[in-house]
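Presented below is the structure to which this report refers.
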2 protein chains.
Amino acid sequence: MITKKTTTRNTDEALHGICPCMEECPLSKAIEIIGGKWKLQILCVLKSDGPIRYSELKKKVHGITNTMLTSSLKELETDGLVNRKQYNVMPLRVEYSATEMVDDLIPILIQLGKWAKKVSQSGKVDVAGDTL
Amino acid sequence: MITKKTTTRNTDEALHGICPCMEECPLSKAIEIIGGKWKLQILCVLKSDGPIRYSELKKKVHGITNTMLTSSLKELETDGLVNRKQYNVMPLRVEYSATEMVDDLIPILIQLGKWAKKVSQSGKVDVAGDTL
DNA sequence: CAGGATCCTCAATGATACTG
DNA sequence: CAGTATCATTGAGGATCCTG
């Protein structure tokens, strides 16, 4: 999502590193990694339900197809967010789990969630009450 | 991106509030708000280049079309991230600026960017050196 | 100047069937 | 069981022209 074809020369140095207008923006990189329709859901299940088999994972991520589950897992593994462990027994057994990278990501996502909550409510009243 | 058609019953209460599998997940809400191809770039420019006119904004967000700039601005305004101020003079003058909501968002995005940077490097060596 | 209206394209995703 | 292979779909985004 967010391609980086542009060659912007941002005058505000303070925003260097977070502006997607820049080349190699880590932020757009982040969105590439966790973007897509299923990535976060998959990470969520992997995180809460420990090492889990492909078929069980598919049951927990409701509505996902083989195509998407497979490709998502492959990308997540490539990016170092998911471990794949294969047991060569019959029938085949493969277990997926989240890496420590995901642990680091969770608190950030929680912050993002809290922000979104605040945004949704700001249209109504300006409550200062924190949920966490 | 991340639609919420599913009616998952997540057994792990600890992840309530961050799991996109859940209904009304604030996280997927957040991604709806800042997702899309241009939202972050637009916010970035609005943040660094203060109140800015439509045409100037379009010049700074390289490659964006009228369709996308207009629709993105409209959505951002609806979500309370952007202020639109119209001066009824001829020729028409409209100025856009970022709201305080965006200020709260920036540090979170910076964290996300730092995380992505770490992820990208973890494939090579396991340096403990922080960049910030 | 600041958009609206239309039509079009393509990449992400879905559906279905098959295999090591 | 854990995927692959193919084909179909679709909606975000793009191109172009038009207007208050």
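Just checking the output field for B:71-80: average partner chain Cβ neighbours within 10 Å of each residue's Cβ?
Whole-number average of other-chain Cβ neighbours for B:71-80 is 1.
Tell me which residues come under 5 Å, amide H to amide H, from A:A98 once H is placed; ignore anything under 5 positions away on its chain.
HN-HN under 5 Å from A:A98: A:N83.
Show me, for region A:59-70, the HN-Hα J-couplings you get by feeding each phi into the Karplus relation (A = 6.51, B = -1.76, C = 1.60, θ = phi - 60°), rounded to Hz, glycine and proline as x.
5, 6, 8, 4, x, 6, 9, 4, 3, 6, 5, 4
For the peptides A:78-86, B:63-71, what is the packing order when you average, over each peptide's residues, the other Cβ atoms within 10 Å and list the highest mean first? Don't skip to the end; give the middle numbers.
Working: A:78-86: 15.6, B:63-71: 13.3.
Order by mean packing, descending: A:78-86, B:63-71.
Give the nm distances, rounded to one decimal, from A:E100 to the matching residue in every other copy, measuring between label points 7 Å along Cα toward the beta carbon; shortest first.
Values, ascending and in nm: 3.9.
What's the average, rounded to a whole number, of partner chain beta-carbon atoms within 10 Å of each residue's beta-carbon in A:36-47?
5
Per residue of B:27-35, how many C-beta atoms from partner chains lie within 10 Å of its own C-beta, taken as a mean? Each step should come with its number before you reach the end.
Working: counts 10, 4, 7, 10, 9, 1, 5, 5, 4.
Mean inter-chain Cβ contacts per residue within 10 Å come to 6.
Ranked highest first by average number of other Cβ atoms within 10 Å, how do A:45-52, A:113-120, B:87-94 line up?
Going by the mean number of other Cβ atoms within 10 Å, highest first, we get A:113-120, A:45-52, B:87-94.
Spin-label point model (7 Å from Cα, Cβ direction): what's the A:E100 to A:T70 distance in nm?
Each label point lies 7 Å from its Cα, and together they span 3.3 nm.
No value in this document is a laboratory result; all are computed from the given coordinates. Given the structure is predicted, the values throughout are model-derived calculations rather than measurements. With ideal geometry, Cβ positions are generated from the backbone for all residues, glycine too; neighbour counts draw on all protein chains shown.
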